[in-house]
Structure formats: structure tokens, C-alpha cells
Amino acid sequence: MIRMRSSQRARGGPDFGPQRALIAASFVSRVGNGLFNTAAALYFTLVVHLPATQVGVGLTIAGLCGLAAGIPAGNLADRYGPRPVWLTALAVQTVAMATFVLIDSWLAFTLVATLDRLAGTAAGAAGGAIVSRIGGERPAAFRARLRTYVNLGVVLGTLGAAFAVQIDTRPAYTALILANAASFAVAALIGLLRIPAHRPLPRPPGHSRLAVLADRPYVAFVALYSAMGLQYQTVSLLLPIWLSAHTDAPRWTVAAVYAINSGVCALLQSRLGSRVETPCQGGRAFRLAGLLFLLSCPLMALSADVPAWVAPALAAAAVCVHSVGEVWESSGGYALAFGLAPDHAQGQYQGLFGIGFDAGQALAPVVLTGLVLGLGHAGWLLLGVFFATVGAAGPPVAAWAARTRPARTPVQERPDESPPLETTTDGVPEHR
């Protein structure tokens, strides 16, 4: 019996070595994100002594500037291969994050934050292209499984940051920032050693670096995903404010609903995500998610109309429903994002996908706190109707996009450092 090396695929199966490596790299970097994000606002306001308004303006500027890197970084990933772009972006994030411990002014903070967001957007575009290359014939399922470990990493990082926040000293906050910088470096090292450097795929004649913008079905899908992305901050931002201002629920309820959301997503992401592979399945998953959000939003609103001892249970039940919807929404998004993108332009398409998501997240605080909270219970109901309407558009957009896609052919390529291409008995290339 001949044993195959771990870097090769089993006959007819996926190459799990690079997948495990990307999971490990992503997990490490998200632990670092959890450490930093939990205490970032406290560090910049209490240690650097920047006014909270200046921190908010600086982060907004950084976030908007970061959007500009998505498509250019994706084009670089398509032209030179995704791994070099991804590793470069992680290196820049390492330096930018470490530089945060040296800043002493708003201008320096904004410049460093902008550099960090530009690199983060580039890493997302190139990382999406890597997922497409090592995910085999099921990149959406792999991306769903990857998200499970990403969620776990953020939760662990958040728990670790609680100790530093409790200590509340400059060295403690500095340690969190440097730990996040180190997490990017470790992720890059894992990628350098264990993730293959795939060669760029041949591009058809007439390929444009802005071809994704002319792909109207894909742009329509990105717009839907951006709008549906408001649901993430419904749990992380809107519900905590609602519980604090409109209910007598114990303060620990806020932490509990966040933990429930993360836990449900971690438990169900791979299980449900494996059922959503094709664009048409993605469209149906979008519709189901919208209906679940239509149910969860009014339930969250009702937490203000029940006794204090009932409010935590009702909020938890609403978040459970919402979290199942989140799993279907993200799974549908992955199926459409990867399934509609041509193989030779995955970086460019994932770049636009990331831009749409980030833009939606940038607008979410204004929409949720300004409109929904301002209207009270009616605002929650309208939010649920909005999600259901967006979800209902998923199947027709997916069908429209599917009709405009050319027939796919097997990708004939291999990583630079991999053994010569082998073919399975059914004709599927060993490295895809």
C-alpha cells in the first residue's frame, strides 16, 4: 500500500493540509482581534487621551479609506497569486498594529488606523481568493467551516482581554495591542510555511481589472448582502442599547446575548453551511434568513414589555432565532460570492464582496441607532420587514446571476511548490 504525503489529496477528496493551515492562521489572527477590539476604545481614550468623538471620526475615516483597497488588491491576487498579496497585507497589519503603542496624537492615530484598514481590506480580498483555491469544489462549505473557528477565536480573545481591562493600566493595554500584532505575524508565518503559492489562472482575452463592476447580477447580490449585513450589528449594537435603555433586565444580559449569538453560530455554521453550495441554494438561504429576522426583531422589541425577570429569557430566545438566521445568511452569501465569481477573477470579485460588506457595516450604526431606536417598537418591526424583503430578493437575483454565468470547466493549475499535477480516476485534477 502506497501512502500519499499529507500535502497531497486523497484520491477524489480535498487537500485538507492547506485548509487546516488557513483555519489555524485565521483562528490565531482572530484571537488577536478579540484581544484588541475589546479594549481598543479604552486604550485610545483613557491611555492616549483622545476624545471619544475624535476616535470615532478617525475610525470612520480609516474605514472609508480602507474600502479603496478591495478591488486593486483582488486584481493583484488574480495577477500574481493570492498568497503573496495576503502575506504582504498581514505584514503591513503587523507593523501598523504595533505602531499603535507609539501614537500620541489624533493625526497619527488616524494615519495608522487607515493603514491598518487598507491592509485589512487587502487581506480579505486575497484571503477570499485563497479560500476559492484551496476549498476545492466546495469553497462555500469550507468558508462556512472557517467562520466557525473565526468565531471561536474572537470569543477566546474577548475573554482574554477581560483580564487586561480589569487591570486597567497602560502596560496591560499595550500587551493586548502587541499580542494582536503578534497574531498577524504568526498567521503570516503559518501561511508562508503551510499554504501553497498557487499560480495565477489564465485570464481570457479582453479581461478588465474592473470587470466585476460590469457584472450587474453580482453587483446586485453584493448590494443585497450589504443591506442584510445590518443584522450583525442588530445583536452587537442595537439590542444592547435597547436592553439598557428600555428594559430593567440585569446588565449581564448584554454579555449573555452576545455569548449566545457567538455560540449558536459556532455550533451551526458548518452543519447548516454544508447544505448551501450552489448560487440557487444561496438565494433560498437568503430568503430563509430574512424570514427568521422578521421573527427575531419583534421578539427583541417585546423584551421592553415584559417583567425584568422575563426580559433576559425573551432576549435570549430572540437571539437564538436571529443567530440561526445569521448562519443561513452568511452561508448563502458565501455560496453566491464564490459560485458567481469566475475562477480567474476570484480576487477581484471577493474584493467587491468585502467592500460591500464593510460599507454596510459603516452605515449600520447610523441606520440602527438613528432610525430604529428613534421609532421604537415600530422601528423594530420595520427592520424585520426590511430584512424579509431583502431576503425575498435573494432567489430571483441568484437565478438571474446563474443564467448569466458561462459553463465552468475544471481548473488546470497547481501550486508552485507542489508535486506535479496528478489526476484522479474521474478526471478531476488533484490540485484545484
Next item on the list: Report the residue count in region 27-58 for those that are open to solvent by 20 Å² or more (accessible area, probe 1.4 Å) and within 18 Å of the chain's Cα centre (by Cα).
Entry: 9
Checklist line | Hits in region 210-233 (condition: surrounded by 16 or more Cβ atoms within 10 Å (Cβ to Cβ) and not hydrophobic (A, V, I, L, M, F, W, C)) | finding: Asp215, Pro217, Tyr218, Tyr225, Ser226, Gly229, Gln231, Tyr232, Gln233
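From the list Phe338, Phe353, exactly one residue is within 27 Å of Ala89 (Cβ to Cβ), of a type in the set (A, V, I, L, M, F, W, C), crowded, with 21+ Cβ neighbours inside 10 Å and at pLDDT 85 or above. Which is it? Before you say what the answer is, go through the steps one by one.
Working: Phe338 fails: at pLDDT 85 or above.
After applying the criteria, what remains is Phe353.
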Next item on the list: Any residue in region 105-132 that's under 17 Å from Leu64 (Cβ atoms): show its pairings with residues that are at pLDDT 90 or above and crowded, with 23+ Cβ neighbours inside 10 Å at Cβ separation under 7 Å, as long as the two are six or more apart or on different chains.
Entry: Val112/Phe100; Asp116/Gln93; Asp116/Met97; Ala119/Ala89; Ala119/Gln93; Gly120/Gln93; Ala122/Val85; Ala122/Ala89
Check: Do we find a residue being at pLDDT 90 or above, within 30 Å of Pro200 (Cα to Cα) and not β-branched (Val, Ile, Thr) anywhere in region 391-399?
Finding: yes
Check: Considering region 104-133 alone, what residues qualify as being among the aliphatic types (A, V, I, L, M) and open to solvent by 10 Å² or more (accessible area, probe 1.4 Å)?
Finding: Leu107, Ala108, Leu111, Val112, Leu115, Leu118, Ala122, Ala123
Next item on the list: Determine which single condition Leu294 fails, assuming it passes every other condition in (1) more than 30 Å from Arg403 (Cα to Cα); (2) assigned to a helix (DSSP H, G or I); (3) touching a residue at least 12 places away in the same chain (Cβ under 8 Å).
Entry: (1)
Checklist line | Top-ranked residue in region 363-377 [being among the small types (Gly, Ala, Ser) and within 26 Å of the chain's Cα centre (by Cα); ranked as least open to solvent (accessible area, probe 1.4 Å)] | finding: Ala364
Margin query: With the requirement that a residue be touching a helix residue (DSSP H, G or I) at 6+ places or on another chain (Cβ under 7 Å) and β-branched (Val, Ile, Thr), what does region 70-90 give you?
Written below: Ile71, Val85
Item checked: Any pair with Cβ under 8 angstrom, 6 or more apart, that starts in region 144-156 at a residue that is among the polar types (S, T, N, Q) and ends at one that is open to solvent by less than 30 Å² (accessible area, probe 1.4 Å) -> Thr148/Cys265; Thr148/Ala266; Thr148/Gln269; Asn151/Ser262; Asn151/Cys265; Asn151/Ala266; Asn151/Gln269
Next item on the list: Could you check, for region 234-249, whether at least one of its residues is open to solvent by 20 Å² or more (accessible area, probe 1.4 Å), in a helix (DSSP H, G or I), closer than 30 Å to Val397 by Cα and at pLDDT below 90?
Entry: yes
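Pro312 - would you say it is in a loop (DSSP other than H, G, I, E, B), more than 17 Å from Tyr218 (Cβ to Cβ) and more than 22 Å from the chain's Cα centre (by Cα)?
Values: in a loop (DSSP other than H, G, I, E, B): no; more than 17 Å from Tyr218 (Cβ to Cβ): yes; more than 22 Å from the chain's Cα centre (by Cα): yes.
When the stated conditions are applied, Pro312 does not pass them.
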Note to self: Report every pair of residues separated by at least 6 positions or lying on different chains whose Cβ atoms are under 9 Å apart, first residue within region 224-244 and touching a residue at least 12 places away in the same chain (Cβ under 8 Å), second assigned to a loop (DSSP other than H, G, I, E, B).
What the structure shows: Leu224/Ala393; Leu243/Ala249; Leu243/Arg251
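Condition test on Val92, is it surrounded by fewer than 23 Cβ atoms within 10 Å (Cβ to Cβ) and at pLDDT 90 or above?
On the way: surrounded by fewer than 23 Cβ atoms within 10 Å (Cβ to Cβ): yes; at pLDDT 90 or above: yes.
So Val92 fits the description; yes.
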Note to self: Every residue in region 194-215 that is free of Cβ contacts under 8 Å to residues at least 12 places away in the same chain and part of a helix (DSSP H, G or I), please.
What the structure shows: Ala214
Item checked: helices (runs of 4 or more DSSP H) within region 65-182 that include 2 or more residues among the basic types (Lys, Arg) -> 106-134, 139-167
Margin query: Tell me yes or no: at least one residue of region 308-331 is out of contact with any helix residue (DSSP H, G or I) (no Cβ under 6 Å at 6 or more places or on another chain), crowded, with 17+ Cβ neighbours inside 10 Å, closer than 23 Å to Leu368 by Cα and free of Cβ contacts under 8 Å to residues at least 24 places away in the same chain.
Written below: no
Next item on the list: Identify all residues within region 68-82 that are surrounded by 19 or more Cβ atoms within 10 Å (Cβ to Cβ) and under 18 Å from the mean Cα position of the chain (by Cα); write none if there are none.
Entry: Ala69, Gly70, Ile71, Ala73, Gly74, Pro82
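The values are calculated or read from the model by the stated rules, or taken from the named source; none is laboratory data. Everything quoted here is computed from the prediction, not taken from an experiment. Reconstructed Cβ throughout: ideal geometry from the backbone, glycine too, with neighbour counts over all protein chains shown. All accessible areas refer to the heavy atoms of the entire protein, side chains included, with ligands and DNA or RNA removed. Shrake-Rupley method; radii C 1.70, N 1.55, O 1.52, S 1.80 Å.
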